[in-house]
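Data first, discussion second: the structure below is written as structure tokens.
The values are calculated or read from the model by the stated rules, or taken from the named source; none is laboratory data. These numbers were taken from a predicted model, which means no experiment stands behind them. For neighbour counting, all protein chains shown are included, and Cβ atoms are generated from backbone atoms with ideal geometry for every residue, glycine included.
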Amino acid sequence: MLTEYDIDRYARQIVLRDIGLIGQERLKSSRVAILGMGGLGTPAALLLTRMGIGFLRIVDRDIVSGTDLHRQVLFNPDDVGLPKVEVAKASLNKMNPDVEVDAIATPILDENIDKLIGDVDLIIDGLDNIRTRYIINRAALRKGKPYIFSAAVEMFGIVSTIIPGETPCLECFYSGLRDEFMPRCATVGVHPSITFLTSAIAVSEATKLIVSGEPSLKGKLLFIDLRSMDFNLLELKRDENCGACGRGLATEIEQPLVELGCARDGKSVYFVNKFIDG
């Protein structure tokens, strides 16, 4: 139920015919997980918090680096060295204390992904590697959770809305990729404009799913090229032999025990992808 305060605070989006009072109530009662608090995840968290989402789970294993500050909108110089999710939660709580923010500092693994997404309505991709995206894709299929896939590097971005049982899954159109052969922000760079734009489109898709159930990129892949200002929309087709959602054999997703992250602030950062008891 919306309060008088809600109606006043969100007045400029309530008057949108795409949202309205009913849509705002749906936003307030919805639960969203953003996996990754980097250049894509932080703008998405900011927008959803300002729009009055009811529950927001933010997940990231990383700490804030000086190289993050030009594009990761929730962080400031004083935050360098602190856990991203804790800094993001504090910023989001100030922005809108009515939004429940659940901050989880953890790697995303086969062992914990079902728990991370089990009690949310949809998933937004804020990641920077394909291996973890495959883990999320398969978990979304198992749990029947809509998954908004997005990625950005250099001046290029892509977005697609994946709905289990209705659309092609991520591995139907992006299968067999390996992170070591993919361009990374640390080596080719990333323009802040492309992360903000890609993230904003992902949030638009999320709100459409919540409010009307009719996202624009359902079964489609949007390519954004800010260098040439080209926006291209590709119709996707399900691969009946897909190892994730079709009749093909699923390939194993490699999960290294220790992983070297991008060098930052003159230091190397290693991540241990294993839960340790005690």
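Residues to consider are D265, D225, D277; find the one that is modelled with pLDDT of 95 or more and over 19 Å from the mean Cα position of the chain (by Cα). The unique qualifying residue is D225. Of everything listed in (1) buried (at least 19 other Cβ atoms within 10 Å of the Cβ); (2) over 10 Å from L35 (Cβ atoms), the single unmet condition for Y147 is (2).
Taking the criterion of being out of contact with any Lys or Arg (no Cβ under 9 Å at 6 or more places or on another chain) and not in a strand (DSSP E or B), the residues of the range 147-175 that qualify are G165, S175.
How about the range 193-215: which of its residues are touching a residue at least 24 places away in the same chain (Cβ under 8 Å) and either over 17 Å from D125 (Cα atoms) or among the aromatic types (F, W, Y) (or both)? Full working, then the answer.
The initial filter retains those residues of the range 193-215 that are touching a residue at least 24 places away in the same chain (Cβ under 8 Å), namely 193-203, 205-212, 215.
Within the range 193-215, S193, F196, V211, S212 qualify.
Taking every residue in the range 103-123 that is within 22 Å of T49 (Cβ to Cβ) and pairing it with any residue that is among the aromatic types (F, W, Y), at least 6 positions away or on another chain, the pairs with Cβ-Cβ distances below 7 Å are I123/Y147. Give the range 7-19 a look and list any residue that's within 23 Å of E205 (Cβ to Cβ) and either of a type in the set (D, E) or in contact (Cβ under 8 Å) with a residue 60 or more places away in the chain (or both), or say none. Matches in the range 7-19: D18, I19. R131 satisfies every condition listed in (1) part of a loop (DSSP other than H, G, I, E, B); (2) in contact with an Asp or Glu (Cβ under 9 Å, 6 or more places away or on another chain) except (1).
For (1) at pLDDT 95 or above; (2) out of contact with any helix residue (DSSP H, G or I) (no Cβ under 7 Å at 6 or more places or on another chain); (3) aromatic (F, W, Y); (4) buried (at least 16 other Cβ atoms within 10 Å of the Cβ), each residue gets a yes or a no:
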{"residue": "V85", "(1), (2), (3), (4)": "yes, yes, no, yes"}
{"residue": "A90", "(1), (2), (3), (4)": "yes, yes, no, no"}
{"residue": "M95", "(1), (2), (3), (4)": "yes, no, no, no"}
{"residue": "V99", "(1), (2), (3), (4)": "yes, no, no, yes"}
{"residue": "D102", "(1), (2), (3), (4)": "yes, yes, no, yes"}
{"residue": "T106", "(1), (2), (3), (4)": "yes, yes, no, no"}
{"residue": "D114", "(1), (2), (3), (4)": "yes, no, no, no"}
{"residue": "I117", "(1), (2), (3), (4)": "yes, no, no, yes"}
{"residue": "L122", "(1), (2), (3), (4)": "yes, no, no, yes"}
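Of the residues screened, G81 is one that is free of Cβ contacts under 8 Å to residues at least 24 places away in the same chain, in contact with a strand residue (DSSP E or B) (Cβ under 8 Å, 6 or more places away or on another chain) and assigned to a loop (DSSP other than H, G, I, E, B). Those helices (runs of 4 or more DSSP H) of the range 1-71 in which at least 1 residues are under 15 Å from the mean Cα position of the chain (by Cα) and within 30 Å of G189 (Cβ to Cβ), considering only elements entirely within it, cover 41-51. Taken over the range 217-229, the criterion of being outside any strand (DSSP E or B), surrounded by fewer than 16 Cβ atoms within 10 Å (Cβ to Cβ) and touching a residue at least 40 places away in the same chain (Cβ under 8 Å) is satisfied by R227 alone.
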